[in-house]
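To start, the structure itself, in structure tokens.
The values are calculated or read from the model by the stated rules, or taken from the named source; none is laboratory data. Quick caveat, the model's predicted, so the values are computed rather than measured. Note that each Cβ is placed from the backbone with ideal geometry, even for glycine, and that neighbours are counted across all protein chains shown. Remember, those area values only see protein heavy atoms, side chains included, never the ligands or the DNA or RNA. Shrake-Rupley method; radii C 1.70, N 1.55, O 1.52, S 1.80 Å.
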Amino acid sequence: KKLARLLAFVLRVGNRMNQGTRRAHAKGFKLDSLLKLTDTKAHDHKMTLLHYIVSLLSKQEPEILGVSQELTVVSVASKLSLDDISYEVSLFVKNVELLGKEIQQQQLLLGAEAASSEDAIAAKAAYEDALQRQLKLKSDWEFVRSQFQHVATYLGENGAKAKIHDVFGTLVSFFEMIDKCVRDNAVNKSPTHMTAPRNDSWK
């Protein structure tokens with residue numbers, strides 16, 4: 001919820017800055033545009049648009065500034081790769097299939113009596129356990145992939161093409177930028193008088 005409120009706040013500030021332009025009523029923005037909020041600077045060339053946004057938040061909705069502590073899992077997620085996970089899942093499925101074929105071949109070669117031996121029973125049990133793990137793994141993988149696509153779409157990205165490290169990596173960088181602006185504003189006595197420059201390049 002804090003993230004959603006933060007993004008909505010950024011959008012409102014952007015629309016207010018862009019009053020009188022074709023971008024004044026934007027419904028959203030690209031995720032990577034968050035990293036451009038420090039490109040727009042005030043007349044002193046020290047304070048940025050993000051400093052201004054953080055200053056406003058500290059007065060109006062200060063609890064939002066703790067979003068980075070609330071979403072620490074994003075940092076972990078940013079190091080993942082859907083391609084790598086997909087490969088590992090496919091490899092596990094392939095190994096289970098090979099195990100099943102190997103057990104069938106052993107039964108054909110050794111006959112029914114050997115199939116009832118302790119080793120054969122143990123192998124069959126291991127295979128059945130692996131099948132159950134495979135089904136759960138595939139189900140969990142489909143859930144993770146669909147959830148990420150949903151999150152990426154919500155954040156304005158192409159859910160089918162977005163990469164985990166790009167989406168969550170951008171959020172991690174943005175959170176770090178916010179934390180730095182909080183510290184900077186504390187040193188500079190939170191310049192609430194700062195006037196946000198008009199600049200629609202980050203939209």
State whether the residues of segment 7-24 include one that is among the hydroxyl-bearing types (Ser, Thr, Tyr), farther than 27 Å from Lys163 by Cβ, open to solvent by 40 Å² or more (accessible area, probe 1.4 Å) and part of a loop (DSSP other than H, G, I, E, B). yes
Which ones in segment 153-165 are open to solvent by 50 Å² or more (accessible area, probe 1.4 Å) and either without any contact (Cβ under 8 Å) to a residue 60 or more places away in the chain or in contact with a Cys (Cβ under 8 Å, 6 or more places away or on another chain) (or both)? Thr153, Tyr154, Asn158, Ala160, Lys161
Every listed condition ((1) farther than 26 Å from Gly169 by Cβ; (2) modelled with pLDDT of 80 or more) holds for Ala115 save (2)
In segment 1-37, what residues are of a type in the set (Val, Ile, Thr) and modelled with pLDDT of 90 or more? Val10
For Phe92, all conditions in the list (1) assigned to a loop (DSSP other than H, G, I, E, B); (2) more than 24 Å from Arg12 (Cα to Cα) hold save one; what is the number of the exception? (1)
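Select from segment 81-99 the residues that are open to solvent by less than 80 Å² (accessible area, probe 1.4 Å) and either more than 30 Å from Glu118 (Cα to Cα) or at pLDDT 90 or above (or both) and list them in ascending order.
Taking segment 81-99 and keeping what is open to solvent by less than 80 Å² (accessible area, probe 1.4 Å), we get 81-82, 85-86, 89-93, 96, 99.
Ser81, Leu82, Ile85, Ser86, Val89, Ser90, Leu91, Phe92, Val93, Val96 - these are the residues of segment 81-99 that are open to solvent by less than 80 Å² (accessible area, probe 1.4 Å) and either more than 30 Å from Glu118 (Cα to Cα) or at pLDDT 90 or above (or both).
Restricting attention to segment 68-76, does a residue exist that is under 20 Å from the mean Cα position of the chain (by Cα) and not in a helix (DSSP H, G or I)?
So the first thing to find is which residues in segment 68-76 are under 20 Å from the mean Cα position of the chain (by Cα), and the list is 68-76.
Next, only the ones that are not in a helix (DSSP H, G or I) stay: 71-72.
Checked against the condition, which is being under 20 Å from the mean Cα position of the chain (by Cα) and not in a helix (DSSP H, G or I), segment 68-76 yields at least one hit.
Would you check if Lys59 is out of contact with any helix residue (DSSP H, G or I) (no Cβ under 7 Å at 6 or more places or on another chain) and under 30 Å from Tyr127 (Cβ atoms)? Walk me through how you get there before you give the answer.
Details: out of contact with any helix residue (DSSP H, G or I) (no Cβ under 7 Å at 6 or more places or on another chain): yes; under 30 Å from Tyr127 (Cβ atoms): no.
No: the conditions fail for Lys59.
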Residue that is nearest to Ala186 (Cα to Cα) [pool: residues in segment 68-80 that are surrounded by 13 or more Cβ atoms within 10 Å (Cβ to Cβ) and not polar (S, T, N, Q)]: Glu70
Selection over segment 25-67 where residues are open to solvent by less than 70 Å² (accessible area, probe 1.4 Å), in a loop (DSSP other than H, G, I, E, B) and not hydrophobic (A, V, I, L, M, F, W, C) yields a count of 5
